[in-house]
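**Q** Quick one: structure below, then a few questions.
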Amino acid sequence: SYSVAPAGTKDVVYTINKFRNPLTVLSTVSIEQRLGSRSSVSLNYLSSPGRRLWTLKNVNLTDPTTFRTYTILNSAGNTAGSYTTYLWLARSSTAYGRVYEVANQGLSSYNALVARFDLRLGQDLLVNGSYTFSHAIDNVGGPWAIPNVPLSMEPGKTNLDRGNANFDQRHRLVLAWFWRSNPSGGASNLAQHFLKGWEHSGTFVAASALPATPLVLVNGQQFSGINLLYTTSLNGSGGWARFPLQGPNTLRGEAGYTANVRLARTIRVTDKASAKLIFEVYNLLNSRFATGINTVAYTAAGSVLRPVAGLGAANSAAPARSAQAALRIDF
């Protein structure tokens, strides 16, 4: 029963008195040029700052007074640097575990330039595309402690976590097309029979990789005579265990591209019924780009940080090429 849980195992979550929902304001400035009656190009600037994003602080931590230094090794086992931090060693109340105060200290910004074109060739072919160059920054990129509310590296110091956002994709190109066969009136009845009703569409997407944050895997207590309160982070606070000498989301994986196509034909059966044959191929080019990478940069043991081989290497890939066929009947 929760009521008889051992002391120090109960966690509490509450919001500040003036807790608010997050707020974003989207601003767009566009310039468009028509190219005849069927086509256009445009250039757009988008800005979307975020305010009052949800953050939290474990207020059941006593203020730190002790600090220690970690030794950082390179891949050859030689000393390459050091990191000094305060250590959280005790709780203010031993009756509870974590006491999270949820507040509105999160900030974000998103700025993008988008170039777009729309092209219509005759009555049968539509082509459009866009290229986006953007940058997203925030201070709420840590793992969630509770749904939608992230941890920070140090309690209450969200400014230390300001950096690239989790969705910071700098470059993205999207092309799409749609073609419908429409035989001219001069075509023979046989040609009209075989060519009419066909549709072809597809998309092509090429984008730079989403970022990831280098982490430190902490193994047990680190310093003789000192017991970290939580052995999941270097400072003992139980917060975000990212490598402190690099900012959030400084790792970049592999850029990727994919193409999907669709071929369909509608066959009129009666005046009120028709059948549609559909054939679709996903990842036509069988591009197996990385969708996940190794993020553990160091392991911490005995106050020494040792680099982990394979940082940034792929650990998952996009699905292989696949196809499906379908029959749709409308009546």
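The values are calculated or read from the model by the stated rules, or taken from the named source; none is laboratory data. All values reported here derive from a predicted model rather than from experimental measurement. FYI the Cβ positions are ideal-geometry reconstructions off the backbone, even for glycines, and counts take in every protein chain you see. Ligands, DNA and RNA are excluded from the accessible area calculation, which covers all protein heavy atoms including side chains. Shrake-Rupley method; radii C 1.70, N 1.55, O 1.52, S 1.80 Å.
**Q** For the chain, with all protein chains present and a 1.4 Å probe, just round the carbon and sulfur fraction of the accessible area to a whole percent.
**A** After summing per-atom areas, the C and S share lands at 57 percent.
**Q** Which whole-percent values make up P(r) of the range 242-326 when all C-alpha to C-alpha distances are grouped in 5 Å steps starting at zero?
**A** 3, 11, 14, 12, 10, 9, 8, 8, 6, 5, 4, 3, 3, 2, 1, 0
**Q** If you don't mind, there's one more thing I want to ask. Please work out the average accessible area per residue across the range 93-241, using the 1.4 Å probe convention, and give it in Å².
**A** It amounts to 49 Å² per residue over the range 93-241.
**Q** In a GNM of the chain with a 10 Å cut-off on Cα contacts, which of Ala320, Ala264, Ala76 has the highest mean-square fluctuation?
**A** So, out of Ala320, Ala264, Ala76, the one fluctuating most is Ala76.
**Q** Work from the charge dipole of the chain (Cβ charges, +1 for Lys and Arg, -1 for Asp and Glu, about the Cα centre) and give the residue of Ser237, Leu125, Asn283 farthest towards its positive end.
**A** Toward the positive end, the furthest listed residue is Leu125.
**Q** If you stretched the chain out fully between Phe223 and Leu327, how much longer would it get, using 0.36 nm times the residue separation minus the C-alpha to C-alpha distance?
**A** Values: separation 104, 0.36 × 104 = 37.44 nm, distance 6.70 nm.
Length gained, Phe223 through Leu327: 30.7 nm.
**Q** Counting pairs of alpha carbon atoms under 8 Å apart in space and at least six apart in sequence, what relative contact order in percent does the chain give?
**A** Answer for the chain is 15 percent.
**Q** Which of Arg98, Arg52, Arg268 moves most in a GNM of the chain, Cα contacts under 10 Å?
**A** Arg268
**Q** Under 29 Å from the Cα of Lys18, which lysines turn up, not counting those fewer than eight places away in the same chain?
**A** Lys10, Lys57, Lys157
**Q** Name the residue, out of Gln221, Gln123, Gln169, whose mean-square fluctuation peaks in a Gaussian network model built on the chain with Cα pairs under 10 Å.
**A** Looking only at Gln221, Gln123, Gln169, the biggest GNM fluctuation is shown by Gln123.
**Q** Less than 10 Å Cβ to Cβ from Ile278, Lys/Arg counted +1 and Asp/Glu -1: what total charge do the surrounding residues give?
**A** Residues close to Ile278 contribute a combined charge of +2.
**Q** Determine the gain in length on full extension of the stretch Gln123-Ala313; use 0.36 nm per residue of separation and subtract their C-alpha separation, reporting nm with one decimal.
**A** 63.6 nm
**Q** While we're looking at this one, here's another question. Would you mind listing how long the chain runs along its three principal axes, going by Cα atoms, in whole Å with the largest first?
**A** Principal-axis extents of the Cα atoms in the chain, largest first: 93, 52, 48 Å.
**Q** Give the share of C-alpha pairs in each 10 angstrom bin for the range 48-140, from 0 to the last occupied bin, in whole percents, shortest bins first.
**A** Each 10 Å bin holds this share of Cα pairs: 12, 17, 20, 22, 12, 8, 6, 1.
**Q** Nearest 0.05, what FRET efficiency do Phe279 and Tyr131 give at R0 = 30 Å with Cβ-Cβ as r?
**A** Given R0 = 30 Å and the Cβ-Cβ separation, E is 0.50.
**Q** Mind checking the log10 I(q)/I(0) for the range 173-306 at q = 0.10, 0.12, 0.17 Å⁻¹? Debye, one equal scatterer per Cα, no solvent, two decimals.
**A** Listed by q, the Debye log ratios stand at -0.60, -0.70, -0.96.
**Q** Go ahead and estimate [θ] at 222 nm for the chain from helices alone: -39,500 (n - 2.57) per DSSP H run with n ≥ 4, summed, over the residue count, rounded to 500.
**A** The helix-only estimate for the chain comes to -500 deg cm²/dmol at 222 nm.
**Q** Right, next: Under a straight-distance cross-link criterion of Cα-Cα below 25 Å, which lysines are reachable from Lys196, leaving out those fewer than 8 residues away in the same chain?
**A** Lys272, Lys276
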